[in-house]
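The values are calculated or read from the model by the stated rules, or taken from the named source; none is laboratory data. What you are looking at is a predicted structure, and each value in this text was computed from that prediction instead of being measured. Ideal geometry is used to build each Cβ from the backbone, glycine not excepted, and the neighbour counts take in all protein chains shown.
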Amino acid sequence: MKKISILLMILFISCEAPLNGISEDDINTFEINVATLKNDFIKGYEEGDYDKVVSIFADSIQWYGPGINSEMLKGIDILKENVTFWMENFEDISFTEGGGLPGTDIGFWGGNVYPTDQAMSGPNNVRMYGTWNVTNSNTGKAVSFKHYLVWNFNEDGKVHTVTEYADVGGLLSTFDQ
């Protein structure tokens, strides 16, 4: 009987142990955050739905844009201006998840295992890799550019900080006649 009790305890503890040190709650939170990016941010741009795009951001958003010498910009108004710029100047917008990331077509990552002394599994820090395809509405010129973002979600499921890296040089060429 004692052996059965010990076996049951081991089995119970094994079933409760997080997968690779990651809790089920963290996995679910990460999946919810990625779904928000796919269903609201990306699809919002692809569908031209301004409200869907801006719905993911906290009013106190801090944004580090992709420009040269970019500084942190604060507040939802500056981000709304950016979304408006995209919606007014580009069409046929699509996103290829993982596009330009060698060896995988997965475009959403969270946590890290290296360096081992700073490993983390936080689900509210999501990295997004991919390629956007856009056509300038005024010139008709199409371009593809690689895009990498680091999203930080708050406890309400809203993005409160985003750091953005993009190949904006090719994008600027679409404005030339």
Against the definition (within 24 Å of Ile56 (Cα to Cα), assigned to a strand (DSSP E or B) and at pLDDT below 95), how does Trp109 come out, yes or no? yes
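Residue-by-condition table, conditions (1) modelled with pLDDT under 95; (2) touching a helix residue (DSSP H, G or I) at 6+ places or on another chain (Cβ under 9 Å); (3) loosely packed, with under 10 Cβ neighbours inside 10 Å; (4) outside any loop (DSSP other than H, G, I, E, B):
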site: Ile10; (1), (2), (3), (4): yes, no, no, yes
site: Thr29; (1), (2), (3), (4): no, no, no, yes
site: Asn33; (1), (2), (3), (4): no, no, no, yes
site: Asp59; (1), (2), (3), (4): no, yes, no, yes
Flagged in the stretch 118-146 as in a strand (DSSP E or B) and free of Cβ contacts under 8 Å to residues at least 24 places away in the same chain, in numbering order, are Met120
* **Filter result for Asp77 (of a type outside the set (Lys, Arg), closer than 20 Å to Asp167 by Cα, free of Cβ contacts under 8 Å to residues at least 40 places away in the same chain and surrounded by fewer than 17 Cβ atoms within 10 Å (Cβ to Cβ))** => no
Here the residues within the stretch 35-57 that are in a helix (DSSP H, G or I), of a type in the set (A, V, I, L, M, F, W, C) and closer than 19 Å to Leu79 by Cα are Leu37, Phe41, Ile42, Val53, Val54
**OP:** Kindly indicate whether Gly67 is over 17 Å from the mean Cα position of the chain (by Cα) and in contact (Cβ under 8 Å) with a residue 60 or more places away in the chain.
**Re:** yes
Gly99 fails exactly one of (1) in a strand (DSSP E or B); (2) in contact with a Ser or Thr (Cβ under 6 Å, 6 or more places away or on another chain), namely (1)
Condition (residue is surrounded by fewer than 17 Cβ atoms within 10 Å (Cβ to Cβ), within 23 Å of Gly67 (Cβ to Cβ), in contact (Cβ under 8 Å) with a residue 12 or more places away in the chain and of a type in the set (Asp, Glu)) applied to the stretch 84-102: is it met by at least one residue? yes
Filtering the stretch 85-96 down to residues that are of a type in the set (A, V, I, L, M, F, W, C) and either assigned to a strand (DSSP E or B) or in contact with a Lys or Arg (Cβ under 7 Å, 6 or more places away or on another chain) (or both) yields Phe90, Ile93, Phe95
